[in-house]
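The values are calculated or read from the model by the stated rules, or taken from the named source; none is laboratory data. Predicted, not measured: the structure shown is a model, and the values here were computed from it. Cβ atoms come from the backbone with ideal geometry, glycine included; neighbour counts cover every protein chain shown. We work out accessible area using only protein heavy atoms, side chains counted, and drop any ligands, DNA or RNA first. Shrake-Rupley method; radii C 1.70, N 1.55, O 1.52, S 1.80 Å.
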Amino acid sequence: MNKPRGLRRQILLSMVILFMLSGLTTVLITRVFLLKLLKTEFRHKGLSAARTLAASSVVDVLTQNSSRLNQLVRNEKQLDEDIAYIFILDSANRILAHTFNQGFPIELAKVNKLKANQSDNLQLLDTRMGLVYDIAVPILSGKNILGQARLGILENNIHQSIMKIDLTLITATLLFMFMGIFLADKIASLITEPISKLVQATQSIRKGDFSVKIDI
């Protein structure tokens, strides 16, 4: 009787390990794919917002209308919780508008500078708010560069989205694993039950009981 039970345990253990490995592999592959997809989506969203902002600020940059520019950047930031900050520079790198409540961090204007003929530039910055994708686009009037619009997208929000997806995937994987274990138990019973009957019959015959019959 020990051998069929041992075989049943081995089948169950093998199926559990198989389901666990399959589930973990699925979660890891999906996580890597989604992380890459979300990062690309966030960058495109930030780039689109920066370009829209640059196009909307041309007249106010020309007229140096800081009050209208400040209102513009504040409204833009309120539209998207993933935006960490927005600021606008003129052609002399002077700050015309920004969304920082406690004063503008001057060192931020010195990084991620646009080069000549660049349509945009993106740089990952380590800030007090966390990792931020800093996006710079030129503010153009015809071919003349009036300044640049800068926008920061929080990377933390990407990881928070991934964590929520991870939780959903792990829950689904555990559910399927428990269902798989249940099915594996049934399959193991179907496999080991005939073997168990055969062992019982063999033991009976060994004791001299030849009346035992076994279904083929």
- Top-ranked residue in segment 116-146 [being among the acidic types (D, E) and open to solvent by 40 Å² or more (accessible area, probe 1.4 Å); ranked as farthest from V59 (Cα to Cα)]: D126
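Pick from I145, I165, I195, I139: which is part of a helix (DSSP H, G or I), of a type in the set (V, I, T) and closer than 25 Å to H44 by Cβ?
I165
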- Query: In the set K113, K36, K3, which member is modelled with pLDDT under 85, surrounded by fewer than 16 Cβ atoms within 10 Å (Cβ to Cβ) and part of a loop (DSSP other than H, G, I, E, B)?
  - Reply: K113
- Show the residue pairs that are 6+ apart or on different chains and have beta-carbon atoms under 6 Å apart, the first residue being within segment 48-63 and over 17 Å from D80 (Cβ atoms), the second being modelled with pLDDT of 90 or more and open to solvent by 70 Å² or more (accessible area, probe 1.4 Å). D60/R68
- Item | Any pair with Cβ under 9 angstrom, 6 or more apart, that starts in segment 87-102 at a residue that is of a type in the set (D, E, K, R) and ends at one that is surrounded by 13 or more Cβ atoms within 10 Å (Cβ to Cβ) and part of a strand (DSSP E or B) | D90/L96; D90/I139; D90/L146; D90/G147; D90/Q148; R94/G147
- Query: Are any residues in segment 68-77 open to solvent by 30 Å² or more (accessible area, probe 1.4 Å) and either touching a residue at least 60 places away in the same chain (Cβ under 8 Å) or touching a helix residue (DSSP H, G or I) at 6+ places or on another chain (Cβ under 9 Å) (or both), and if so, which ones?
  - Reply: R68, L72, E76
- Task: Scan segment 13-29 for residues that are modelled with pLDDT of 80 or more, within 17 Å of the chain's Cα centre (by Cα) and open to solvent by less than 100 Å² (accessible area, probe 1.4 Å) and report the count.
- Result: 1
- Among E81, E41, the single one that is part of a helix (DSSP H, G or I), surrounded by fewer than 15 Cβ atoms within 10 Å (Cβ to Cβ) and not small (G, A, S) is E41
- Message: What's the total number of residues in segment 134-173 that are under 26 Å from H98 (Cβ atoms), of a type in the set (A, V, I, L, M, F, W, C) and over 16 Å from the mean Cα position of the chain (by Cα)?
- Response: 9
- Task: Being open to solvent by less than 80 Å² (accessible area, probe 1.4 Å), in contact with a Phe, Trp or Tyr (Cβ under 9 Å, 6 or more places away or on another chain) and more than 30 Å from S48 (Cα to Cα) narrows it down to one of G180, G152, so name that one.
- Result: G180
- Exactly one condition in (1) surrounded by 14 or more Cβ atoms within 10 Å (Cβ to Cβ); (2) among the polar types (S, T, N, Q); (3) closer than 17 Å to I153 by Cβ is not met by S56; state its number. (3)
